[in-house]
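The values are calculated or read from the model by the stated rules, or taken from the named source; none is laboratory data. Please read these numbers as outputs of a predicted model, since none were measured by experiment. Neighbour counts run over all protein chains shown; Cβ positions are idealised from the backbone, glycine included. Only protein heavy atoms, including side chains, enter the accessible area calculation; ligands, DNA and RNA are left aside. Shrake-Rupley method; radii C 1.70, N 1.55, O 1.52, S 1.80 Å.
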Amino acid sequence: MLTLTPTAIEVVRTITHAEGMPEDAGLRIFTADGSTTLQLAVAAVPAEQDQVLTAEGSRLFLDQQAAAFLNDKVLDTGQDPNGEGGFVISQQNQDPLGI
């Protein structure tokens, strides 16, 4: 199962609890049109087939393909070489790989 670092939990919670967002909003991680690229969007509710993960007030909605890919991963935050912040996915118990 996907795990989140404390930093990732805080970022997801901040994004999904912004003013005007529904109480049950979450960060949706999904693939589009069978693509192998993961996409992110804030969603008011999960899609029908989404797996819902909760951690300390943060909510993630994973489509089936994303859930399968992320099953043994850790979601964290980090910066790219240009100093831009974003989410980072790593294998559990390994060094992060930026996406």
**Request:** Keeping to the range 43-64, report how many residues are touching a residue at least 24 places away in the same chain (Cβ under 8 Å) and surrounded by fewer than 17 Cβ atoms within 10 Å (Cβ to Cβ).
**Result:** 3
**Request:** Could you grab the pairs with beta carbons closer than 8 Å, sequence gap of 6+ or different chains, first residue in the range 68-84 and farther than 22 Å from Arg13 by Cβ, second one part of a loop (DSSP other than H, G, I, E, B)?
**Result:** Phe69/Leu38; Asn71/Met1; Asn71/Leu2; Asp72/Gln92
**Prompt:** Going through the range 1-42 one residue at a time, which ones are of a type in the set (A, V, I, L, M), part of a strand (DSSP E or B) and either under 16 Å from Val74 (Cβ atoms) or open to solvent by 50 Å² or more (accessible area, probe 1.4 Å) (or both)?
**Reply:** Leu4, Leu27, Ile29, Leu40, Val42
